[in-house]
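Chemist: Input: one structure, supplied below.
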Amino acid sequence: MNIPTFFTRATLPLLMLGAGFVLNACTEDTDGRPQIKPGNPVASAITPDSASGGSVVTLKGTGLGDMRAIVFEKQSVAAGFQPTLNTENALIFRVPDEAAGGVQNITFTNSEGRTVSVPFRVLAYPTITDVSNYNFTKGSTVTLTGNNLEDVTAVKLSGTSTVAKIVSKEKKKLVLEMPTTTVGRATLDITNTTGMMKTTQEFVNVEQAYPIFLDAYATGVTDASWGDAAAISTKEFKSGTASVGKNFQKGNWHLIGFSMPGLAYSSAYTYVSGWIKGASADYTLYLTTDAASVGFGEYIEKNKIDVKANTWTYFKIKLSDMDFWSAGKTLKQIGFRIKGPDKQDETFYFDDLILVK
């Protein structure tokens, strides 16, 4: 190799290193986005043209490179997307869960501020994840928690024309005033601007049920507890104004019992239901009756109810799934036992105990 006289062998490595620095300085840092020059975006198709939150959508067209923002028109909800999936002719993104329902434009903006808008229908059916109470009486209020509830237009008892009054509505919460009805139990048909959905939760009309304890012992029902007597509490209740509480003494294997006037067997009754307020720890309670195939007060595994500590637990159990009421027997006693308690006294509260047809 011929080296010019004004370079020495010692200076050559330094020059080569310097050239490397110049080349590196000319290389553009990237964040993983494809190096596509943004153009004038034109949309040719969006697939699908309607979808619910979380659904994957593809926009096709030209000049779609280097998109930086996707915004749904109603309430200006931004959609997340993965820039590395962008191409000049396609962009993949998801409908945000927060998107409001109905027809609206989606606006796409690239790094140069150029935009394209495409009409799209967000399917935002109502969803219900929790309820304040499964039981109702005429005029009582029930709060439903879920999503897409701010544009609810109607709520009725499924299979009927009976309408519940909408007291208030928000994105995540719907408050209803329950109607007068002779229906014993029903799901709810909830309609918003997207359409109608039927709740998985079933609601029970207490006024059409056979009462054992509501705000007081039902007519002919009295306390028949083992150990300490049960006592009505106006401080703890799930519905109305009162519940009935029972102290289960340490090691005494107590039972809260309800003596009934005598109810002849009827296959029309399909559920036993109620609310139980838990004690200081999680416990399993065993429901027992004198109309079961075994004796009153026995621990029957298929009659157990798991109750969380310091929380109101709802139960509605099919009688056909329990050893509760043998055909031909008259129901005169119902009770709840726990094994123990072994460490300390524990108090449970019971409300809205009913038999449901």
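The values are calculated or read from the model by the stated rules, or taken from the named source; none is laboratory data. Everything quoted here is computed from the prediction, not taken from an experiment. Don't worry about glycine lacking a Cβ; one is built from the backbone with ideal geometry, like all the others, and counts go over all protein chains shown. These area figures cover heavy atoms from the full protein model, side chains too; ligands, DNA and RNA do not enter into them. Shrake-Rupley method; radii C 1.70, N 1.55, O 1.52, S 1.80 Å.
Chemist: Please give the helix 12-25 orientation as an angle from the longest Cα principal axis of the chain, in degrees from 0 to 90, rounded to the nearest 10.
Modeler: The answer is roughly 50 degrees.
Chemist: Kindly state, to the nearest 0.05, the FRET efficiency for ARG114 paired with ASP321, given R0 = 51 Å and r defined as their beta-carbon distance.
Modeler: Values: r = 63 Å, r/R0 = 1.24.
The computed FRET efficiency comes out at 0.20.
Chemist: Taking 7 Å along the Cα-to-C-beta vector as the label spot, tell me the THR137-LYS172 distance in nanometres, rounded to one decimal.
Modeler: 3.2
Chemist: May I pose another question? Can you tell me the alpha carbon radius of gyration of the range 172-287 divided by the globular rule-of-thumb value 2.2 N^0.38 Å? Provide the component values of the computation, followed by the final result.
Modeler: Working: Rg = 18.0 Å, N = 116, 2.2 N^0.38 = 13.4 Å.
Against the compact-globule rule of thumb, the ratio is 1.34.
Chemist: Shifting gears a bit: Based on the mean of other beta carbon atoms within 10 Å per residue, what is the order of 257-269, 73-85, most packed first? Spell out each step's value before the answer.
Modeler: Details: 257-269: 15.3, 73-85: 13.5.
The packing order, highest mean first, is 257-269, 73-85.
Chemist: Share of the chain's accessible area from carbon and sulfur, percent, 1.4 Å?
Modeler: 52
Chemist: Once Cα extents along the principal axes in Å is worked out from the coordinates, which option in (1) 56, 48, 38; (2) 117, 57, 36; (3) 66, 51, 43 does it equal?
Modeler: Answer by label: (2).
Chemist: Keeping all protein chains in place, calculate the accessible area per residue for the chain (probe 1.4 angstrom), answer in Å². Present the calculation step by step, with values, prior to reporting the outcome.
Modeler: Working: 17760 Å² over 357 residues.
Heavy-atom SASA per residue in the chain reads 50 Å².
Chemist: Per-residue accessible area for TRP226 at 1.4 Å probe radius, Å² rounded to 10?
Modeler: For TRP226, the solvent-accessible surface is approximately 100 Å².
Chemist: Nearest 0.05, what FRET efficiency do LYS308 and GLN82 give at R0 = 56 Å with Cβ-Cβ as r?
Modeler: 0.85
Chemist: Dipole magnitude of the range 295-340 about its Cα centre, charges +1 at Lys/Arg Cβ and -1 at Asp/Glu Cβ only, in debye to the nearest 20?
Modeler: 120
Chemist: What are the lysines whose alpha-carbon lies under 27 Å from the alpha-carbon of LYS74, with same-chain residues fewer than 8 places away excluded?
Modeler: Within the straight-line limit of under 27 Å, LYS74 reaches these lysines: LYS60, LYS165, LYS169, LYS171, LYS172, LYS173, LYS198.
Chemist: Would you calculate the separation in nanometres between label points at LYS60 and THR241, each defined as 7 Å from the Cα along the Cα-to-beta-carbon direction?
Modeler: Output for this residue pair reads 6.8 nm.
Chemist: Place +1 on the Cβ of every Lys and Arg and -1 on the Cβ of every Asp and Glu in the chain, take the dipole about the Cα centre, and give the residue among GLY101, SER280, PHE324 whose Cα lies farthest towards its positive end.
Modeler: GLY101
Chemist: If the cut-off is 18 Å between C-alpha atoms, which aspartates and glutamates fall inside it for LYS329, apart from same-chain ones fewer than 8 positions away?
Modeler: Answer for LYS329, where 18 Å is the Cα cut-off: ASP290, GLU298, ASP321, listed by chain and number.
Chemist: Report, ordered by chain and residue number, the aspartates and glutamates lying within cross-link reach of LYS156, taken as a straight Cα distance under 13 Å and ignoring same-chain residues fewer than 8 apart.
Modeler: GLU177, ASP189, GLU202
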